[in-house]
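J.: Below is a structure I'd like to ask you about.
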Amino acid sequence: MQIIILAGGVGKRIAPLGTSKPKSMFQIMGKPLLHHVLDMVKESKIEIHDVIIVVGPDDKLIKDYLGNGEKVGLNIKYALQENPLGQADALLSARKYVKESFLAMNANDIYDSSLISELAKLGQQNSMDVALVGRQVKNPSKFGVMDFNSKGKLIRVVEKPEKAPSDFAVIGLYYLSPKIWESLDNTPKGQHDDQYELAYQKLINPDGDKFISYDGPFESYKYPWDLLELNDLLLKTKTNRQISKTAQIASSAIVEGDVVIEDNVRVMEYAIIRGPAYIGIGSIIGNHTLLRGGVSIGKDCVIGHSTEVSHSIMGDGCWTHKNFIGDSIISDNCSFGAGTITANVRFDERSVKVKVADQRISSDMDHFGIIMAEDCRTGCNSVLSPGVKIGPNSIVGPGLVLTTDLLPGKMARLNDDAYKIFENTIDVHNLSREERKNMLERIKAKNESAIG
């Protein structure tokens, strides 16, 4: 069996996280998402001849990380998609490597590995040209939706219909025969960039085909906040209590539940880690810190004194000190000044909205903090509002409440005109009016003498 993994494309909806590295290279639990997908492929235990990963022209990071696949135990080849022209074009980029029926999958979806072997078995044993997986969803009109005949067999897929024929959405895992190539050649692009979907539909048996109904774990990375759901799933399915022998944990620290603590981690006095949680290689969890709610911390991070990190992802090389990081996604090499807070709840407690392109889209989360790309800094006592996005290499100045997105390479800071100075009319010493007047005169004279 050959497998094509689609890892090209620009990923405009995930900005600013896709600015500096490919979408599938965002790390959770010490590994890029693509590595987790390849682990899933390996765990399926089907006989795999090779894996063809479709990459874009700027995806050198993927090749450098995976090489020929030796580090993940798979034979990997790469197909180049010159331009992000959709799923059909991505698949056609791998055509020259494929000699048989194959599986096609996305580089950003996580599900049970048994689904891969189950779909391969269904397609092979029934000599099918296309085999699909359906999942019941609450809002089918946002997806490709399955339509069935009276016998419950699949007869077609309707893309994003106004009136859905069922509540079964198509999951992005496909079994395809070589007939897909001719079908793609003979299918023009549709109005909604659905050439791929129109092409594989031609291979569905008009009398009805079998399909797999799947209700197991599934998460897909389409918007930045989806990473928190992926993090929850991976922590739940991949975490059991593993503490490296080289980790140093203070006797007064509390480590509860399923926690992975990697090599050379230091957990200082009175720190509390409540699993599930992942702490990357060489990171320091400082005194009186609290990690809870499902946390993934990258390597070489310093979670400094009195910081609370709740239900969040932090990349490599991040620094905190007396901060609250809640329901947030932080990429690599970010530093938070003392007192910085990520606000994660609206006053009206409604779903937090995030600006995507020119629209504000609901995250469907009533607790959601910020999205911060690589190499960012915040000053002391800054406040970052719910749903704010901060582009790479940007700075939020001290004492500032950031309520709007910050583009890459920008700095937000308070101007001198942002505050005014008045005479102090509040007596903090409980002095009489005359005593206070005399004190102010002495201070004034002293200042004038110092200036002179």
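The values are calculated or read from the model by the stated rules, or taken from the named source; none is laboratory data. These numbers come from a predicted model, not from an experiment. A quick note on method: Cβ atoms are made from the backbone with ideal geometry, for glycine too, and the neighbour counts reach across all protein chains shown.
J.: Does at least one position in segment 208-218 carry a residue that is under 29 Å from the mean Cα position of the chain (by Cα), among the hydroxyl-bearing types (Ser, Thr, Tyr), over 30 Å from Ile330 (Cβ atoms) and assigned to a loop (DSSP other than H, G, I, E, B)?
T.: yes
J.: Here's something else I'd like to know. Return the residue satisfying two criteria in turn: it lies in segment 169-196 and is part of a loop (DSSP other than H, G, I, E, B) and modelled with pLDDT of 95 or more, and of such residues it is farthest from Val158 (Cα to Cα).
T.: Across segment 169-196, the extreme among qualifying residues is Pro178.
This table checks each residue for (1) modelled with pLDDT under 95; (2) surrounded by 18 or more Cβ atoms within 10 Å (Cβ to Cβ); (3) not in a helix (DSSP H, G or I).
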residue: Asp58; (1), (2), (3): yes, no, yes
residue: Leu61; (1), (2), (3): yes, no, no
residue: Ala79; (1), (2), (3): no, yes, yes
residue: Glu100; (1), (2), (3): yes, no, yes
residue: Leu103; (1), (2), (3): no, yes, yes
residue: Ile116; (1), (2), (3): no, yes, no
residue: Gly123; (1), (2), (3): no, yes, no
residue: Met128; (1), (2), (3): no, yes, yes
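J.: Would you mind stating whether Leu227 is aliphatic (A, V, I, L, M) and either in a helix (DSSP H, G or I) or surrounded by 21 or more Cβ atoms within 10 Å (Cβ to Cβ) (or both)?
T.: yes
J.: Can you confirm whether Lys23 is closer than 18 Å to Leu234 by Cβ and surrounded by 22 or more Cβ atoms within 10 Å (Cβ to Cβ)? Lay out the reasoning, then the answer.
T.: Values: closer than 18 Å to Leu234 by Cβ: yes; surrounded by 22 or more Cβ atoms within 10 Å (Cβ to Cβ): yes.
Yes.
J.: Given the conditions (1) farther than 23 Å from Gly275 by Cβ; (2) within 19 Å of the chain's Cα centre (by Cα), which single one is not true for Gly298?
T.: (1)
J.: Within segment 130-155, how many residues are touching a residue at least 12 places away in the same chain (Cβ under 8 Å) and either under 32 Å from the mean Cα position of the chain (by Cα) or surrounded by 22 or more Cβ atoms within 10 Å (Cβ to Cβ) (or both)?
T.: 18
Every residue, every condition in (1) assigned to a loop (DSSP other than H, G, I, E, B); (2) over 19 Å from the mean Cα position of the chain (by Cα); (3) surrounded by fewer than 22 Cβ atoms within 10 Å (Cβ to Cβ); (4) not assigned by TED's automatic domain parsing to the domain that holds Cys380, yes or no:
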site: Tyr278; (1), (2), (3), (4): no, no, no, no
site: Asn287; (1), (2), (3), (4): yes, yes, yes, no
site: Ser306; (1), (2), (3), (4): yes, yes, yes, no
site: Val309; (1), (2), (3), (4): no, no, no, no
site: Asp316; (1), (2), (3), (4): yes, no, yes, no
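J.: Let me ask something else. Among what's in segment 331-354 and is surrounded by 21 or more Cβ atoms within 10 Å (Cβ to Cβ) and among the polar types (S, T, N, Q), pick the residue that is farthest from Pro224 (Cα to Cα).
T.: Only one residue tops the list, namely Thr340.
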